[in-house]
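Working notes, beginning with the structure itself.
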Amino acid sequence: MKKALKEAFPHTIPILTGFLFLGMAYGVLMKTKGYGPVWSVLMSAVAFCGSMQFVAIALLTTVFQPLQAFLLSIMVNARHIFYGISMLSKYRGLGKMRYFLIYVLCDETFSITYGVEPPEGVERRYFYFAISLLNYLYWVFGTLIGGIAGNFITFNTEGLDFVLTALFVVLFLEQWKKKENRVMGVVGIMCSILSLLIFGADQMVIPAMILIVLCLSGGRKKLCI
């Protein structure tokens, strides 16, 4: 296990820097809304759904509407269905450990595990477990720091919630550097724009994802033929 952690850590360094800052921002925002470190850390440890956690701050501070919260959670996290399916082959045969891997699977962990193979001498399940565990701990620890730091911050925190959007942009740019990924990037952009024009900003997420999956699936079939 030690060797797996050692081999996995270099792959997670970009996530470490991003998650610490994002987690801190989340912890600070929770504190400004009256929720201390215990609550923010508990939310990160149990829910572990970064983007929805930022959205949930508004839900926690307004009149609770269960149906609205449920539908919003589906819209924000629907992407997990699509990239979760693509991880079936990666996580097959990993025993009970796969339950933890599924539980903590997020965009950043997916971006690493999907494109990286375990090095020689390291078991596949331990390597993927190490990546997932490290990313999970980065997020929880960052939240703890932010929750504590929130007690001492007095400046205006407006705009901190944009850090999540910034992280997704960085991940996209990293993928764009590889020429073989650019076609898929263009497909994603065009499908998103089309969905935005047809359904509007509030309802575009799920239609855009469906369009992207259909386009990429169709393109893959043509390539196979």
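Per-structure values
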| quantity | calculated |
| --- | --- |
| The chain: calculated mean residue ellipticity at 222 nm from DSSP helix runs of at least 4, using -39500 (n - 2.57) | -24500 deg cm²/dmol |
| Cα-Cα over 26 Å, subset of 6/96; 2/96; 2/179 | 2/179 |
| Dipole magnitude of region 1-138 about its Cα centre (Cβ charges: Lys, Arg +1; Asp, Glu -1), debye to nearest 20 | 280 debye |
| Euclidean distance of C-alpha centroids, region 1-47 and region 69-136, integer Å | 17 Å |
| Fraction of accessible area attributable to carbon and sulfur, region 1-86 (%, probe 1.4 Å) | 76 percent |
| Residue-span extension gain [residue 194 to residue 176] - 0.36 nm each, minus C-alpha spacing | 4.4 nm |
| Solvent-accessible area per residue, Å², over region 80-159 with all protein chains present [probe radius 1.4 Å] | 55 Å² |
| From the coordinates shown, P(r) over Cα pairs in 5 Å bins from 0, in percent corresponds to which of [x] 1, 7, 12, 15, 15, 14, 11, 9, 6, 4, 3, 1, 1, 0, 0; [y] 1, 7, 14, 18, 19, 16, 11, 7, 4, 2, 0, 0; [z] 1, 6, 12, 16, 18, 17, 14, 9, 4, 1, 0, 0, 0 | [z] |
| Probe 1.4 Å, all protein chains present, accessible-area order of 108, 123, largest first | 123, 108 |
| Relative contact order for the chain, counting Cα pairs under 8 Å that sit 6 or more residues apart, in percent | 35 percent |
| Cα gyration tensor shape for region 29-121, rounded if a/c is under 1.5, else prolate or oblate | prolate |
| Reachable aspartates and glutamates, given that their alpha-carbon falls under 15 Å from the alpha-carbon of residue 31 and they are not under 8 places away in the same chain | 158, 161 |
| Computed over region 64-176, Kirkwood Rh from alpha-carbon pairs, angstrom | 16.7 Å |
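The values are calculated or read from the model by the stated rules, or taken from the named source; none is laboratory data. As the structure is a prediction and not an experimental result, all values here were calculated from the model. Positions of Cβ are backbone-derived with ideal geometry, glycine not excepted, and every protein chain shown enters the neighbour counts. Note: areas computed on protein heavy atoms with side chains; ligands, DNA, RNA excluded. Shrake-Rupley method; radii C 1.70, N 1.55, O 1.52, S 1.80 Å.
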